[in-house]
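I have placed the structure first, in the form of C-alpha cells, so that the comments after it can refer back to it.
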Amino acid sequence: GESVGLHLPTLSVQEGDNSIINCAYSNSASDYFIWYKQESGKGPQFIIDIRSNMDKRQGQRVTVLLNKTVKHLSLQIAATQPGDSAVYFCAEKIQGAQKLVFGQGTRLTINP
Amino acid sequence: DTGVSQNPRHKITKRGQNVTFRCDPISEHNRLYWYRQTLGQGPEFLTYFQNEAQLEKSRLLSDRFSAERPKGSFSTLEIQRTEQGDSAMYLCASSSSPGLINYGYTFGSGTRLTVV
C-alpha cells in the first residue's frame, strides 16, 4: 500500500547547527511532496514543497531534497533556532489524486 | 483573507450527541479537504471537495460522518451519534487547482473534539 514514513521519531540538535529530517516513501506514482511543521495545538504549517520532476528546492533557511531512485525525501534546516522546535511531517500526493498521505512525524528539539 | 479558518477551536461533547464543525477556506482556493489527526500521528484524509462537489471520501468516513460545501465556499463536517473513538483533531485544508508550482495546500488550526 501507500505509505510515507520517517526514519527517526525524534531529533535533538544544538541551536545554530543544521538539522536534517528524513522521510521514506513507497509509492513511485507520487508526483508532489510537502514538508509541514506542526506546533502543539496548531494545524500543520506549510514549509516547502517539491514536484517529482525536481531533485532540490530551496527556501529561506530550508532545503528539500528528493531522491526518486531510493524514494527518499529530506528537509534541511540551516542554523536551527529555538522557534524551529516542532513536529515535522512529510506528505506525498499520488499523481491523479488530491489527498495527501502523511507520515508519523519527527519531533525536533533544540538544545541551547 | 488570512488563511483557513476553523470553528470552533475546541468542542467537548457527550457520547451520542451530534456535533458540527465549520471551515472557511482561503477565498481563491476551489479545493477543500477534511483530515483527522489523532495524538502522535499524521493527519489522515477524510474527504475532498472541488467547488461544491464532494469528489472523494475515505473509508474512514463512516455513515455517521457527513460533509457539505453547499455554495462552494465554506464547508461543514457533521458527526452524528459521537463515539469516544471520534475524539481527535479535525483539520480542514484548501488548495488551488493543479498546474501551479505551489498548490498552496494550506491547513487551518483545526477543531479538537473530545467525546466524554
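Coordinate-derived values only; no laboratory data. Everything numeric here is computed off the predicted structure, so don't read it as measured data. In this analysis, Cβ positions are derived from the backbone assuming ideal geometry, glycine residues included, and neighbour counts consider all displayed protein chains.
Tabulated values for the structure
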item	result
Simple label model, 7 Å out from Cα along Cβ direction - A:Glu39 to A:Gln14, nm	2.6
Length-normalised contact order of chain B in % [C-alpha pairs under 8 Å, at least 6 apart]	36
Cα-based reach from A:Lys93 at 26 Å (exclusive), listing lysines while leaving out same-chain residues under 8 positions away	A:Lys37, A:Lys42, A:Lys56, A:Lys68, A:Lys71, B:Lys57
Average beta-carbon neighbours from other chains, 10 Å sphere, peptide B:38-44	6
In the range B:39-116, trypsin sites (Lys or Arg not before Pro) in a DSSP loop with at most 12 other beta-carbon atoms within 10 Å	B:Arg59, B:Lys71, B:Arg81
Neighbouring partner chain Cβ atoms per residue of A:42-49, average, 10 Å criterion	6
